[in-house]
Structures are given as C-alpha cells and as structure tokens.
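Throughout, read-outs are computed from the coordinates displayed, never taken from laboratory work. Quick caveat, the model's predicted, so the values are computed rather than measured. All Cβ positions, glycine included, derive from the backbone under ideal geometry; neighbour counts span all protein chains shown.
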Amino acid sequence: MLELSKNEQDYLKTIYNLEKITSTTTKSVSINAIAKKLSVSSPSATEMVKRLVAKNLVLHKPYYGVSLTDLGISQARFIIKSHRVWETFLFEEVGYSMDEVHHEAEDLEHASSPRLIEALYALMDYPVADPHGSEIPAELFWSENEIELSLDQAMVNKNYRITKIDTEAKTFFKKMELTLPQFLKVIERLEDKSLIVREKAGKMLLIPFYIQPKLWVSERK
C-alpha cells in the first residue's frame, strides 16, 4: 500500500463509493459530486484530483469525470477494509456500542498498516461483515509470504523479482528484442508514467505504462 495522507485516503474512499452508485456506464463521477460529498469547494476537489492523477490513483477526463485506476481501487478497498475491521473489533472485542464504533474507526483506519489490519482480521476469524452489515473485503493486503503487485504499483528505488508475465508483455519484449529480466530495480517514473528500471546485470530498460499492469513482481529486501 502507498503512504497516503488522510485527505487523500478520504478522497479515494469517496470516489470508490460514488462509483458504486453512479448510473453511467463508465462509472465516472463528477468533481462537483466529490466536492459535495466531502463538503469542500470544487476548486479544492480539483486540486486533490490532480494530485491523485499524478500518483496513478485516478483518471480524470474533462467533461467525463473522475474514475479510479486499478491501483486506486486497491487503495480504496484497503481503507474500507481497515474501517470495517476496526468497527468489528471495537464492537465484538472491546465492547463499544453500534453508535460508537464509526467515529473511532474513522480515526483508526488512517493510522493502520496492512499488517495490523490483516492480523486483526485473522484474529477475529475472518468476519464477513461489520456490525452494520456492510461486507468486509476478503482480499488480503499483507501476508507472511511475498506480496505480489503489478509493476505499475512499484515504488522508485525498490528491488523486485518478476513473478508473472502475460502474453502481451511477452510480445512487447520479443518485439523490442529485449531479454526479460528476472530481477530489476525501479530507477525513475517519468511524467508519462513509463518506468526506467535497471536489471541485475546493470542494463537500463524503459517500460511503458501500458505494459506495467501485465508484469507482476514481488519486492526483494
């Protein structure tokens, strides 16, 4: 999971929830709808959306609206899971009332690591829903084993091992007459979201953004 501010997390969660109820086929939501839901001005919402676009968390098309990327969806679902796990823990294990859990969970969700949330989730034997009946996302965001992620979620200055590659990515490397490395280090993310990576032998490669979701990696410590 990316390190995000409380404000950024609130925006992602809001966009995710608005996408769930929107009637458009694209599932895009308007800046005005986001601003209204968060009780902020439209210019403030626009500025935050720009920040989220820069982090590859949302897409913004003028006149069409805002939508979450796959990375944005994953981040939003973790925030939602964190909130609902905390509500369940406070209600079942601590003895909070139904009326008390929401506000406490609002604060705790932003300060919790994936490891802590998954530990609480396992401790309670993987509850299906929170005390209000809302579904708790079942996907795991941390485990003792290697955590796989697509290359578009990779962080600069981190080392990774390639674990999976789909046909489109294989075709790209073959067409470019490149040897797919087993290990790589992310050196830089460019403005167009392409990645400059260095393979173990020291050779530098440029991987375009559209190929990155087709490559799965695990972090090497």
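Calculated translational diffusion coefficient of segment 166-219 (25 °C, 0.890 mPa s; Stokes-Einstein with Kirkwood radius over alpha-carbon pairs) equals 213 µm²/s. Helix 98-108 axis versus longest C-alpha principal axis of the chain: approximately 30°, rounded to the nearest ten.
Using a basic spin-label model with each label point 7 Å from the Cα along Cα→Cβ, how many nm lie between VAL94 and LEU116? Taking the two extended label points, one gets 1.1 nm. Normalising the average separation of contacting C-alpha pairs (under 8 angstrom, six or more residues apart) by the number of residues puts the relative contact order of the chain at 15 percent. For the listed peptides 99-111, 2-14, 165-177, a ranking on the average number of other beta carbons within 10 Å per residue, highest first, reads 2-14, 99-111, 165-177. Across segment 76-127, counting alpha-carbon atoms alone, Rg and Dmax equal 10.0, 27 Å.
The angle between the Cα long axis of helix 114-123 and the main principal axis of the chain comes to about 50°, on a 0 to 90 degree scale.
What would the Debye equation give as log₁₀ I(q)/I(0) for segment 34-186 at q = 0.12, 0.13, 0.15, 0.17 Å⁻¹, counting only Cα atoms as equal point scatterers? Relative scattering, expressed as log10 I(q)/I(0), comes to -0.73, -0.82, -1.00, -1.12. Net charge dipole, segment 1-152: roughly 1060 debye, given to the nearest 20, about the Cα centre with Cβ charges of +1 for Lys and Arg and -1 for Asp and Glu.
Along its three principal directions, the equivalent ellipsoid of segment 31-112 from the Cα gyration tensor extends over semi-axes of 30, 15, 9 Å, largest first. Working ranking of peptides 193-204, 64-75 by packing, defined as the average number of other Cβ atoms within 10 Å per residue, highest first, is 64-75, 193-204. Each residue of segment 141-202 gets 112 Å³ once the volume of the Cα convex hull is shared out per residue.
Between 0 and 90 degrees, the angle of helix 42-54 with respect to the longest Cα principal axis of the chain falls at about 40 degrees. Here the label points at LEU123 and SER41, each 7 Å from Cα along the C-beta direction, are separated by 4.3 nm in the simple model. At full extension, TYR64 and THR167 could sit 33.9 nm farther apart than now, given 0.36 nm per residue minus the alpha carbon distance. Each principal axis of segment 6-68 carries a Cα extent, and these read 28, 23, 20 Å when sorted largest first.
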